[in-house]
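First up is the structure itself, then whatever we jot down about it.
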Amino acid sequence: MNEYARLFYALWPDYVTRAHLQRLQESVIGRKVAPEHLHLTLAFLGNQATSSLPKLTALLDKLPAQSFMLDLDCYGYFSQPRIAWVGPTDSPTLLLDLRQSLMRELNAAHVPLKPEEPFKPHVTLAREANSLNEPFAPGIPWRVAKLLLIQSVQVKGGVIYSPIMEKSLA
């Protein structure tokens, strides 16, 4: 077993939401994210010691467990690193509270993180992408019901996301 694992916490779309996201990708020019990898990152942990996995999975139990609606109604573009994305125009309070709780628990557990950038909730549609011309996406209502701790494993030709632990939001 490797000494380190590349980890992140993410909200995972259900099948119907994922299908809607995949349709949105059709008009995007760039290296599209594989449909099974579409997600909304709450916290990127980077390389963490595998010995910390028990505390990182246990941390999920300390987080709010309420599901919520997220309306993906806005396209966006990060010029560096050329990422086309879709996200909410307005972030629901429950999403912001969940992220704040996660960051507080990570800090309390002394999990080493890079300096925090402002949180911009989004689902990456494509990398090495061209800017999107339309600011507004067709609204995709997403009942957020899954929070996962994921390991990102580098393989020839890309990455594989391997779920480590899942928390259901009710």
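Just to be sure I understand: if I project the alpha-carbon convex hull of segment 1-55 onto a plane and average over all orientations, what area do I get in nm²?
Approximately 5.2 nm², given one-decimal rounding.
Keeping every protein chain present and rolling a 1.4 Å probe, give me the accessible area per residue for the chain in Å².
Accessible surface, normalised per residue, equals 56 Å².
Cα axis of helix 15-25 to longest principal axis of the chain: angle in degrees, 0 to 90, nearest 10?
50 degrees
Quick one: if you stick a label point 7 Å off each Cα along the C-beta vector at Gln154 and Ala108, how many nm between them?
3.4 nm
Pairs of alpha-carbon atoms within less than 8 angstrom and 6+ residues apart define the contacts here; what relative contact order does segment 16-89 have, in percent?
It comes to 19 percent, rounded to a whole number.
If the viscosity is 1.567 mPa s and the temperature 4 °C, what Stokes-Einstein diffusion coefficient in µm²/s follows for the chain when Rh is the Kirkwood radius over Cα pairs?
My calculation gives 78 µm²/s for D.
On C-alpha positions alone, give me the angle between the axis of helix 93-108 and the longest principal axis of the chain, in degrees, nearest 10.
30 degrees
Taking Cα pairs under 8 Å and at least six residues apart, what relative contact order does segment 35-170 come out at, in percent?
On the way: 204 pairs, mean separation 45.9, N = 136.
Relative contact order comes out at 34 percent.
What is the gain in length, in nm to one decimal, between Thr57 and Arg82 on full extension, counting 0.36 nm per residue of separation less the C-alpha to C-alpha distance? Please list the in-between numbers first.
Values: separation 25, 0.36 × 25 = 9.00 nm, distance 3.18 nm.
Stretched out fully, the Thr57 to Arg82 stretch lengthens by 5.8 nm.
Step through the table entries Lys55/Lys156; Lys62/Lys146; Lys55/Lys167; Lys32/Lys114; Lys55/Lys146; Lys55/Lys120, compare each Cα-Cα distance with 22 Å, and write down the pairs that go over it.
Over 22 Å apart, Cα to Cα: Lys55/Lys156; Lys32/Lys114; Lys55/Lys120.
Viscosity 1.567 mPa s, temperature 4 °C: what is the translational diffusion coefficient of segment 96-170 from Stokes-Einstein with a Kirkwood Rh over Cα pairs, rounded to a whole number of µm²/s? If you can, show how the numbers build up before the last one.
Values: Rh = 16.0 Å.
This corresponds to a translational diffusion coefficient of 81 µm²/s.
As an exercise, find the ratio Rg/Rh for segment 19-89 from alpha-carbon atoms, using the Kirkwood inverse-distance average for Rh.
My calculation of the ratio gives 1.04.
What value in Å³ per residue do you get for the convex hull of the alpha-carbon atoms in segment 48-90?
Taking the convex hull of the Cα positions in segment 48-90, it is 116 Å³ per residue.
In segment 76-150, which trypsin sites (Lys or Arg not before Pro) are in a loop and have at most 13 other Cβ atoms within 10 Å, using DSSP for the loop call? Don't skip to the answer; put the middle values down first.
Numbers: sites: Arg82, Arg99, Arg104, Arg127, Arg143, Lys146; in loops: Arg82.
Filter output for segment 76-150: empty list.
What residues qualify as long-range amide H neighbours of Asp73, i.e. H under 5 Å apart, gap of 5 or more or another chain, H built at 1.01 Å from N?
Hits under the 5 Å cutoff: Gly87, Thr89, Ile140.
The values are calculated or read from the model by the stated rules, or taken from the named source; none is laboratory data. Quantities reported herein were computed from a predicted structural model and do not represent experimental measurements. Note that each Cβ is placed from the backbone with ideal geometry, even for glycine, and that neighbours are counted across all protein chains shown. SASA here: full protein model, heavy atoms, side chains in, ligands and nucleic acids out. Shrake-Rupley method; radii C 1.70, N 1.55, O 1.52, S 1.80 Å.
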